[in-house]
Amino acid sequence: MDENRRTVRPAKAHDAGFHRSGQTHRQILLVLASLCLVLPGLVLLVSSGRLSLEPQPARPHRIGLLTGGSALPAWDAFREGLRDLGHVEGQNILIEYRVADGHPDRIPALVAELVELDVAAIVVVSDQAIQAMRQATTTIPIVMVACDAVAAGFIASLARPGGNVTGVTCMSSAVTGKRLELLRDTLGTTPYTGVLWNAGDPGKQVEWGEIETAAQTLGGQLESLGIREAQDINLAFETATRKHVDALVVLGDGFTIAHRSEIISAAARNRLPAMYAYKEFVEAGGLMAYGPSLMEMFRRNAYYVDRILKGTKPADLPVEQPMTFEFVINLKTAQVLGLTIPHHVLLQATEVLE
């Protein structure tokens, strides 16, 4: 045997693990010491209510609501629609309201505010506001209440809207002819009709072309009374009086809705029977209205917001059209105008205000 060769004795199990065991003991002591320092503070936070051990609720979704007009009762229908789908304002959803009050020059600033807030979706009412929002963002989902959204260029088609815009649209060509027809039947003759419309609204430019086409079919002459600002309203009625217009059709958008009181008052002063776009005009004293229900369109918009919040892209949500239309008559206004509504016209009304 080589005397220089050394025999190495294997370490015993407790020898090999001694150093690690001592290190572990020191780590345990450090952890216990830290807990002694931290636990009293945690107990104090929990007892004071500043720290909850229960699961925290998800952060509320923030959405925008922009209108070129004024606040409407239809907003209540929108909020009710959201509640039916589990979204309660002030709890799990926050709504940022922006109202132009019929002043188109305010719309760009309001659009910029909502885009800056980086909301999850924006409900936009009036074609001018929709156009401004589309120019400001291609990423934030836009849920619209619009007239003829295809003709105005807001969407590619109803089934495949494309881009970041979806919602509810009223194909105005389907109702313009009916408005002229009901006005003719009410007066018992084909009137020389003035058309009061927001000439700065791209959707109303489309609708003006459609009402021209309808008039050619039904007969009768039209007088364009385009307005862009509130001070244009009286000028439009002066033109109507000077040209001996017999009746009036008022196209509905955010601008005319916001100024409905001034328009209705001017129609009464000039003793002009007028057909409006929405029930809200008749409730404010207008003679009659034929068109879709704003309440129902806003309620339906809640569905679109819900789908978007759950991850569906606007491009994958087909745009819907109203299925029912309201024909509302104000008999008190008819009496003031000295107008008797024919029985066969009254029978067509969905609602008569007395």
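Conditions: (1) in contact with a Lys or Arg (Cβ under 9 Å, 6 or more places away or on another chain); (2) assigned to a strand (DSSP E or B); (3) touching a residue at least 60 places away in the same chain (Cβ under 8 Å). TRP197 meets all but one. Number of the miss?
(3)
When you go through (1) at pLDDT below 95; (2) surrounded by 14 or more Cβ atoms within 10 Å (Cβ to Cβ) one by one for VAL249, which number turns out not to apply?
Failing condition for VAL249: (1).
Any residue at all in the stretch 299-311 that's of a type in the set (Asp, Glu) and either buried (at least 24 other Cβ atoms within 10 Å of the Cβ) or over 19 Å from the mean Cα position of the chain (by Cα) (or both)?
Kept after step one, since they are of a type in the set (Asp, Glu), are these residues of the stretch 299-311: 306.
Filter once more, keeping what is either buried (at least 24 other Cβ atoms within 10 Å of the Cβ) or over 19 Å from the mean Cα position of the chain (by Cα) (or both): none.
No, the stretch 299-311 contains no residue that is of a type in the set (Asp, Glu) and either buried (at least 24 other Cβ atoms within 10 Å of the Cβ) or over 19 Å from the mean Cα position of the chain (by Cα) (or both).
Within the stretch 170-188, identify whether any single residue is under 26 Å from HIS259 (Cβ atoms), out of contact with any helix residue (DSSP H, G or I) (no Cβ under 9 Å at 6 or more places or on another chain) and not hydrophobic (A, V, I, L, M, F, W, C), and answer yes or no.
no
What is the number of the single condition among (1) closer than 24 Å to ILE257 by Cα; (2) at pLDDT below 95 that ALA156 does not meet?
(1)
Looking at GLY338, GLY286, which is the one that is small (Gly, Ala, Ser) and farther than 19 Å from THR190 by Cα?
Working: GLY338 fails: farther than 19 Å from THR190 by Cα.
Residue meeting the stated conditions: GLY286.
Within the group VAL145, VAL111, which residue is in contact (Cβ under 8 Å) with a residue 12 or more places away in the chain, of a type outside the set (Phe, Trp, Tyr) and touching a Cys at 6+ places or on another chain (Cβ under 9 Å)? Walk me through it before giving the result.
Working: VAL111 fails: touching a Cys at 6+ places or on another chain (Cβ under 9 Å).
The match here is VAL145.
Which numbered condition in (1) in contact with a helix residue (DSSP H, G or I) (Cβ under 8 Å, 6 or more places away or on another chain); (2) more than 17 Å from GLN216 (Cβ to Cβ) is the only one that ALA156 fails?
The single condition ALA156 does not satisfy is (1).
Evaluate the stretch 298-320: report whether one residue or more is touching a Cys at 6+ places or on another chain (Cβ under 8 Å) and closer than 17 Å to ALA77 by Cβ.
Start the filter on the stretch 298-320 by keeping residues that are touching a Cys at 6+ places or on another chain (Cβ under 8 Å), which leaves none.
Within the stretch 298-320, not a single residue is touching a Cys at 6+ places or on another chain (Cβ under 8 Å) and closer than 17 Å to ALA77 by Cβ.
Let's see how each residue does on (1) in contact with a strand residue (DSSP E or B) (Cβ under 7 Å, 6 or more places away or on another chain); (2) more than 18 Å from SER293 (Cβ to Cβ):
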{"site": "ALA129", "(1), (2)": "yes, yes"}
{"site": "ALA136", "(1), (2)": "no, yes"}
{"site": "PRO141", "(1), (2)": "yes, yes"}
{"site": "LEU158", "(1), (2)": "no, yes"}
{"site": "GLY162", "(1), (2)": "no, yes"}
{"site": "THR166", "(1), (2)": "yes, yes"}
{"site": "CYS170", "(1), (2)": "yes, no"}
{"site": "VAL175", "(1), (2)": "yes, no"}
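Pick out, from the stretch 260-354, the helices (runs of 4 or more DSSP H) lying fully within it that include 2 or more residues that are in contact (Cβ under 8 Å) with a residue 40 or more places away in the chain and either at positive phi or in contact with a Pro (Cβ under 8 Å, 6 or more places away or on another chain) (or both).
Details: elements: 260-269, 279-283, 294-309, 331-336, 343-346.
Correct list: 294-309.
Does any residue of the stretch 117-132 turn out to be within 16 Å of the chain's Cα centre (by Cα), within 22 Å of ASP306 (Cα to Cα) and not hydrophobic (A, V, I, L, M, F, W, C)? Quick ask: steps written out before the conclusion?
As a first pass, look at the stretch 117-132 and keep what is within 16 Å of the chain's Cα centre (by Cα): 119-132.
Then keep just the ones that are within 22 Å of ASP306 (Cα to Cα); that gives 119-126, 129-130.
Of the ones still in play, those that are also not hydrophobic (A, V, I, L, M, F, W, C) are 126.
Yes.
Rundown of residues vs (1) closer than 18 Å to ALA152 by Cβ; (2) crowded, with 20+ Cβ neighbours inside 10 Å, yes/no style:
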residue: GLU181; (1), (2): no, no
residue: ASP185; (1), (2): no, no
residue: LYS204; (1), (2): yes, yes
residue: LEU218; (1), (2): no, no
residue: LEU225; (1), (2): no, yes
residue: ASN234; (1), (2): no, no
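Within the stretch 253-267, is there a residue that is outside the structural domain of ASP105 (by TED's automatic domain parsing) and in contact with a Cys (Cβ under 9 Å, 6 or more places away or on another chain)?
Yes, some residue in the stretch 253-267 is outside the structural domain of ASP105 (by TED's automatic domain parsing) and in contact with a Cys (Cβ under 9 Å, 6 or more places away or on another chain).
The values are calculated or read from the model by the stated rules, or taken from the named source; none is laboratory data. All values reported here derive from a predicted model rather than from experimental measurement. No Cβ is skipped: glycine too gets one built from the backbone with ideal geometry, and neighbour counts run over all protein chains shown.
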